[in-house]
Amino acid sequence: MNLQNRPCTRPQTEWGLDTLFWVPAKLFIGDLAKLISAEPLSSTVFFIGNQHVIKTVEIVGIVVSIERRALKMIYYQIDDGTGVISCVQFTTPAEQAEPGTLECYGIGDSICVRGRLAVYRDQLEVIIRESEIVDPNHETLAWMERLSMRRFLATSPFAAEQ
């Protein structure tokens with residue numbers, strides 16, 4: 001089932017009426033590549049499916065690459081089988097002072113990442129708010145949740161009460 005992404009025709013003041021605006025949308029990485037940006041109104045809000053508005057996502061996948069940039073951030077490349085996306089974890093001043101306390105994942109770890117979407121150097125990425133290692137059973141459940149979400153996005157328009 002392919003998603004036919006369309007921009008939201010409602011005014012920006014009504015975007016918060018869409019429930020997906022306030023919760024992390026459980027999506028495949030391949031679907032994130034097809035998002036429509038809400039620029040120039042907002043660079044961190046995107047449209048997906050039948051005019052739904054999202055700003056945060058939850059993705060589950062395998063860590064395929066790790067890149068540390070000084071002590072301030074860690075870039076993870078996450079692959080869920082439909083695509084690969086960069087996820088950025090910024091460190092706190094306490095973690096920078098004590099590098100041993102920084103939680104870092106390894107290549108091959110299956111993780112669940114929740115965070116906000118952003119565009120940096122014309123590439124979509126996820127700014128990590130929270131993340132955790134998950135087992136293969138969770139990954140299978142995540143696929144089922146994403147298939148259900150995809151069906152919902154394709155069939156139900158963003159329609160607020162009039």
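The values are calculated or read from the model by the stated rules, or taken from the named source; none is laboratory data. Remember, predicted model here, so these are calculated numbers, not experimental data. A quick note on method: Cβ atoms are made from the backbone with ideal geometry, for glycine too, and the neighbour counts reach across all protein chains shown. Accessible surface is based on the protein model in full, side chains and every heavy atom, while ligands, DNA and RNA are left aside. Shrake-Rupley method; radii C 1.70, N 1.55, O 1.52, S 1.80 Å.
Would you confirm whether any residue within segment 144-155 is in contact with a His (Cβ under 9 Å, 6 or more places away or on another chain) and either at pLDDT 90 or above or surrounded by 18 or more Cβ atoms within 10 Å (Cβ to Cβ) (or both)?
Looking for residues that are in contact with a His (Cβ under 9 Å, 6 or more places away or on another chain) and either at pLDDT 90 or above or surrounded by 18 or more Cβ atoms within 10 Å (Cβ to Cβ) (or both), one finds at least one in segment 144-155, hence yes.
Can you pull out every residue in segment 34-47 that is over 16 Å from Gly16 (Cβ atoms) and either of a type in the set (Ser, Thr, Tyr) or in contact with a helix residue (DSSP H, G or I) (Cβ under 8 Å, 6 or more places away or on another chain) (or both)?
Passing the criteria: Ser37, Ser43.
Cys104: open to solvent by less than 70 Å² (accessible area, probe 1.4 Å) and touching an Asp or Glu at 6+ places or on another chain (Cβ under 8 Å), yes or no?
no
Name every residue in segment 69-100 that is without any contact (Cβ under 8 Å) to a residue 12 or more places away in the chain and in a strand (DSSP E or B), in order of residue number.
Arg69
Suppose we keep only residues that are in contact with a helix residue (DSSP H, G or I) (Cβ under 8 Å, 6 or more places away or on another chain) and farther than 30 Å from Lys34 by Cβ within segment 70-101. Which one would you say is modelled with the highest pLDDT?
Among them, the one singled out is Lys72.
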